[in-house]
Amino acid sequence: MSDVDVAVIGAGQAGLSAGYHLLRAGFAPGPGLVVLDADRRPGGAWQHRWPSLTLGRTHHVHDLPGLPFPPAGDDVPAAEAVPAYFADYEQHVGLGVRRPVRVHAVRRTDDGRFLLRTSAGEWTARAVVNATGTWTRPFVPRYPGQEVFRGRQVHTVDYRGPAEFAGQSVVVVGGGASAVQLLGEIAEVAHTTWVTRRPPVWREGPFGPEEGRAAVALVADAVREGRSPGSVVGVTGLVVTPWVRAARERGVLDRLPVFDRLTPDGVAWDDGRSVRADAVLWATGFRAALGHLAPLHLRGPGGGIAMEGTHVAGEPRVHLVGYGPSASTIGANRAGREAARELRRLLLPDGVLARSA
């Protein structure tokens, strides 16, 4: 068993940012700080993205603190460029990320610390910064008939490219940016049908700082009230790029309301309409991967976690970064800085490494 002041769980954008700021706040690697990551190599969720996702098609990848993102062409796969940047960053900052280490459960101890049970043994910590993101918890809604549908059902987490759908009829479910991008790719080789729960909201104008702050505020209100957070990207609307405009003109982005059930051969609506499908692609997003925190009983009656800034309400030593309003690259950077500042005030009041008895 190892004892540290702060344990950071996850080494994606949020975890790396938190680690950087904790180092600067005075938490030394080893007795002061450990960063645990479940993946075998650097890159966070980016290393698992589909190959056709290029830097030019991503939401902007913001610099991590202390090291700019190196220039790269828009056609470079994000799954290559971002993990390489994260690997360089870990070396540059000197975080000494421990991997692969999967955290199975976090519990309170009798002496007020937190016990982390992991695939590589146990750690105790005075505080926990959770930065596990959402990639490992894809969400697929339940609809009648899913068990009888004879075609393939694929979530975006398993999507590798349009070639696997060539010549097929594909129903794409979801109203987010990923659904729009994958529709455009698949429509070049297959017949597609787009269904969403609500009509898409298209943003024709530029998305500036004011719009960004307004979008983050909506999600921040939810987590303060203990409601499950929506996606920051989800409340910004879909940006109309030249490609999107052309796809709309071709009819690729004509949508239908979501179906009522799946059938053995496709999907159907209660009004009698139906669509044949060889595959259903669920571009229905993700949920926060927080199962390992269940022993802490952080969720309220409504299923959400009430937050005060980056820490759980009433739990100033449990911080969630990359969660709710900080679930974006720029938001994760800010959340890491805020968490480090609060933990420094709480655990290092005299500016020196203070270990409790």
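The values are calculated or read from the model by the stated rules, or taken from the named source; none is laboratory data. These figures come from a predicted structure and were not determined experimentally. Quick reminder, even Gly has a Cβ in these numbers, built from the backbone with ideal geometry, and neighbours come from all protein chains shown.
Can you pull out every residue in the stretch 104-126 that is surrounded by 13 or more Cβ atoms within 10 Å (Cβ to Cβ) and closer than 18 Å to Pro29 by Cβ?
If the condition is that a residue be surrounded by 13 or more Cβ atoms within 10 Å (Cβ to Cβ) and closer than 18 Å to Pro29 by Cβ, then Leu116, Thr118, Ala120, Trp123, Thr124, Ala125, Arg126 are the ones that fit.
Conditions tested, residue by residue: (1) under 30 Å from Arg317 (Cα atoms); (2) outside any strand (DSSP E or B); (3) free of Cβ contacts under 8 Å to residues at least 60 places away in the same chain.
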{"position": "Thr124", "(1), (2), (3)": "yes, no, no"}
{"position": "Arg142", "(1), (2), (3)": "no, yes, yes"}
{"position": "Arg150", "(1), (2), (3)": "no, yes, no"}
{"position": "Val154", "(1), (2), (3)": "no, no, no"}
{"position": "Glu164", "(1), (2), (3)": "no, yes, yes"}
{"position": "Val170", "(1), (2), (3)": "no, no, no"}
{"position": "Ala179", "(1), (2), (3)": "no, yes, no"}
{"position": "Val189", "(1), (2), (3)": "no, yes, yes"}
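Go through (1) within 27 Å of Leu182 (Cα to Cα); (2) surrounded by fewer than 17 Cβ atoms within 10 Å (Cβ to Cβ) for Ala78 and report which single condition fails.
(2)
Looking at the stretch 66-99, which of the residues that are more than 20 Å from Arg337 (Cα to Cα) and part of a loop (DSSP other than H, G, I, E, B) is modelled with the highest pLDDT?
Arg99
Can you work out which of the residues in the stretch 52-84 that are over 18 Å from the mean Cα position of the chain (by Cα) and touching a residue at least 60 places away in the same chain (Cβ under 8 Å) is farthest from Gly184 (Cα to Cα)?
Ranking the candidates gives Pro65 first.
Give the residues of the stretch 306-333 that are more than 26 Å from Trp46 (Cα to Cα), buried (at least 19 other Cβ atoms within 10 Å of the Cβ) and among the aliphatic types (A, V, I, L, M), sorted by residue number.
Residues satisfying the conditions are Met307, Val312.
Yes/no per residue for (1) out of contact with any strand residue (DSSP E or B) (no Cβ under 8 Å at 6 or more places or on another chain); (2) farther than 20 Å from Ala332 by Cβ:
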{"site": "Gly26", "(1), (2)": "yes, yes"}
{"site": "Pro71", "(1), (2)": "yes, yes"}
{"site": "His92", "(1), (2)": "no, no"}
{"site": "Arg102", "(1), (2)": "no, yes"}
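Quick one: which residue in Arg40, Arg49, Arg24 is over 14 Å from Pro100 (Cβ atoms), among the charged types (D, E, K, R), assigned by TED's automatic domain parsing to the domain that holds Ala125 and over 15 Å from the mean Cα position of the chain (by Cα)?
Result: Arg24 is the single residue among Arg40, Arg49, Arg24 that is over 14 Å from Pro100 (Cβ atoms), among the charged types (D, E, K, R), assigned by TED's automatic domain parsing to the domain that holds Ala125 and over 15 Å from the mean Cα position of the chain (by Cα).
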